[in-house]
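The values are calculated or read from the model by the stated rules, or taken from the named source; none is laboratory data. Note that the structure is predicted; figures quoted are calculated from it, not measured. FYI the Cβ positions are ideal-geometry reconstructions off the backbone, even for glycines, and counts take in every protein chain you see. Each accessible area value is taken on the protein alone, full model and side chains, heavy atoms only, with ligands, DNA and RNA left out. Shrake-Rupley method; radii C 1.70, N 1.55, O 1.52, S 1.80 Å.
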Amino acid sequence: MGAVVLRYLLDGFYISLFFAVMSAVALGAHLVLVQCEHSRIDPVVLFILRGVSYVLAGLDGVGVISATGLLIYRFVRAVMRSDDDDEKD
């Protein structure tokens, strides 16, 4: 049981690390967008940068929710499976 908990904690850590990097990239895109809005840049480029910033932030939010749900599902399924194995013995 302890190995199952440790494995899922490590999975959660790696997934959190991935989304932390994704959040940093989204923040960087937003900061570039803010700097470009203060200078004279083509409106089409601003529109594309704004779209990239929103897509990255949206994917990050959806990804965190999906990954959390997946980890909880896998953890509960593993715990239930180990309980079933204990009852058979």
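Here is how the numbers come out for the structure above:
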| quantity | calculated |
| --- | --- |
| Residue match in the range 55-70 (condition: within 16 Å of ASP11 (Cα to Cα) and more than 15 Å from the chain's Cα centre (by Cα)) | no |
| When residues of the range 25-48 are limited to those that are farther than 21 Å from GLY61 by Cα and in contact with a Leu (Cβ under 9 Å, 6 or more places away or on another chain), the one modelled with the highest pLDDT | LEU46 |
| Unique residue being outside any helix (DSSP H, G or I) and open to solvent by 50 Å² or more (accessible area, probe 1.4 Å) when the list is ARG40, ARG50 | ARG40 |
| Inter-residue pairs, beta-carbon under 8 Å, first among the β-branched types (Val, Ile, Thr) and in the range 38-52, second surrounded by 10 or more Cβ atoms within 10 Å (Cβ to Cβ) and at pLDDT below 80, 6+ apart | VAL45/CYS36; VAL52/ALA29 |
| Residue check, ASP85 at pLDDT below 75, under 26 Å from the mean Cα position of the chain (by Cα) and among the charged types (D, E, K, R) | no |
| Pair list, Cβ under 6 Å, 6 or more apart: the range 1-24 residue in contact (Cβ under 8 Å) with a residue 12 or more places away in the chain and of a type in the set (Gly, Ala, Ser), other residue assigned to a helix (DSSP H, G or I) and open to solvent by less than 100 Å² (accessible area, probe 1.4 Å) | GLY12/LEU71; SER23/ASP60 |
| LEU59 being within 24 Å of PHE75 (Cα to Cα), in a helix (DSSP H, G or I) and in contact (Cβ under 8 Å) with a residue 12 or more places away in the chain | yes |
